[in-house]
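One structure is given here, and the rest of the page talks about it.
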């Protein structure tokens, strides 16, 4: 198993760099994971990440892309409620890249 | 992931065989399943530390499979190495690695087969190209049997009809039996057993997503289209890949199913228990997993008391449903054992059980129960990609080739601008999108490269809308 070191603390990740224990997540870890993905976090990025974490806490799964875009649209205005906006923030996809930064497991299946 | 530099070949009317790049893919390997993933589905956690134990277990398993699956034995014996399959495989075309030629991929197992199961191989191994099973050979199996998407395009061109996918499945089954599983597939199987679908979407998440869809469709069309979950007494149980609940643009398929049932006035339901049509048990060649996953659908059908079972758009799911559900789960007509009769008594004999959503839709169109404004699609040029498992391993409708015609008929019924792709890449000759076979997500970069390289020539260079009947094809082509 791989590990990452953030602020002197060690965190376990899987082969693809996803955090193994999501309860260990904090903003510093999120920021570190974003760095490894080459994503410069802004307030807009954190909004998506925080939504993902809230949804995961409630449903034990990341939201469907549509649910995510709709929620962002409601919060930030309809012009941002589309997947293009999310792909601009997270070029490798809201489901995979944003989940990774949020400390959630990678979605599995034909997606 | 580091790998060979692969560029898409230039478009040519007649493709040429790529230059060989020996071992170019030897270093690209699927992730190995962890002990936790293996144990969760009842497989040995890891390879035994004593190689002899692993060796003996693998050979015993191979013997068991050769005895159980007559096809496998025939495929081991009958190849004449004519090479007709070599340049038909998208993995080989895309990578140039000679071990990705279907004949060579099979030879990885065939050479071991000769050593342990044929007299000349036992007596004079070097004369007949037989080799001992070593750890290196087992590693090579893992590498290359996970670089096959079980699409069976090579089989179409094989004069002996050798089904490479069967060999790949046997290879994976042997690997699993000695504790050498693949992470992606085995993790997914574990999620189906535990939660009910490949993605691991629990009931409340499904409910939340479906409620959102009802709102969206209402907003878009003004119609009260329902996306019901776990409704007892509905006529139709729709079973679809869980990607349809989660990903874009898959979810558009699910939205479409609801619209079709709404417009036709058919009561239907989805099921939390049977929230996955896909069946990765098939990809790993494991009968017990295949059956256990399929049984969830039988159980849901009995619990909900539905009259019809309809399968959504997933290539390999339709193969599992069309070819295997009959004996696995008693869904399908003809059997007269008590297990099958229990469900037959409940299901409506006036309909094919199971039916593909395309069959249902096409029947409704022919009956005039669905009406379309074709001109609304006039700005689109639409082509159809045949998904491998639907094209080469199943059928739709009541005549051979129905699986090719029915989806195209539907596209033509709703749009005016349909174009067919290159004749060498459609119907039973369709190229794999690169997604299937259970090797995909953990090797997404390969699947993308091989798709670009091998399939580019099959897609018209202007960019049409591509319609497919498979969730993975949708991902890869998009």
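In table form, for the structure just shown:
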quantity	calculated
Index of the failed condition, residue A:73 passing every other in (1) without any contact (Cβ under 8 Å) to a residue 24 or more places away in the chain; (2) surrounded by fewer than 14 Cβ atoms within 10 Å (Cβ to Cβ)	(2)
Residues being closer than 21 Å to residue B:387 by Cβ and touching a helix residue (DSSP H, G or I) at 6+ places or on another chain (Cβ under 7 Å) - total across segment B:247-273	10
One residue from A:83, A:10, A:23 being within 12 Å of chain B (Cβ to nearest Cβ) and surrounded by fewer than 18 Cβ atoms within 10 Å (Cβ to Cβ)	A:83
Count - residues of segment B:203-227 that are crowded, with 17+ Cβ neighbours inside 10 Å and not in a helix (DSSP H, G or I)	3
Residues that are over 12 Å from the mean Cα position of the chain (by Cα) and either away from chain B (no Cβ under 14 Å) or surrounded by 19 or more Cβ atoms within 10 Å (Cβ to Cβ) (or both), drawn from segment A:45-60	A:59
Filter pass, residue A:68 being more than 11 Å from the chain's Cα centre (by Cα), within 12 Å of another protein chain (Cβ to nearest Cβ) and closer than 23 Å to residue B:243 by Cα	yes
Among the candidates B:216, B:224, B:176, residue that is more than 9 Å from chain A (Cβ to nearest Cβ) and without any contact (Cβ under 8 Å) to a residue 40 or more places away in the chain	B:224
Options B:149, B:185: the member that is modelled with pLDDT under 95 and crowded, with 24+ Cβ neighbours inside 10 Å	B:149
Filtered residue count, segment A:17-38, keeping only those that are out of contact with any helix residue (DSSP H, G or I) (no Cβ under 8 Å at 6 or more places or on another chain) and outside any helix (DSSP H, G or I)	4
Which listed residue is closer than 23 Å to residue B:325 by Cα, surrounded by 24 or more Cβ atoms within 10 Å (Cβ to Cβ) and more than 14 Å from chain A (Cβ to nearest Cβ), from B:234, B:243, B:301, B:277	B:301
Number of positions in segment B:228-282 that are within 18 Å of residue B:295 (Cβ to Cβ) and assigned to a loop (DSSP other than H, G, I, E, B)	13
Filter pass, residue B:285 being touching a helix residue (DSSP H, G or I) at 6+ places or on another chain (Cβ under 8 Å), within 13 Å of residue B:313 (Cβ to Cβ) and part of a loop (DSSP other than H, G, I, E, B)	no
Any helices (runs of 4 or more DSSP H) falling wholly within segment B:330-436 and containing at least 2 residues that are modelled with pLDDT of 95 or more	B:357-366, B:388-393, B:402-414
Criterion violated by residue B:251 - all others in (1) at the interface with chain A (Cβ under 7 Å from one of its Cβ atoms); (2) farther than 24 Å from residue B:467 by Cα satisfied	(2)
Qualifying position, being closer than 30 Å to residue B:192 by Cα, in the same structural domain as residue B:159 (by TED's automatic domain parsing) and out of contact with any helix residue (DSSP H, G or I) (no Cβ under 6 Å at 6 or more places or on another chain), among B:42, B:96	B:42
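The values are calculated or read from the model by the stated rules, or taken from the named source; none is laboratory data. Computed from a predicted structure; not experimentally measured. Positions of Cβ are backbone-derived with ideal geometry, glycine not excepted, and every protein chain shown enters the neighbour counts.
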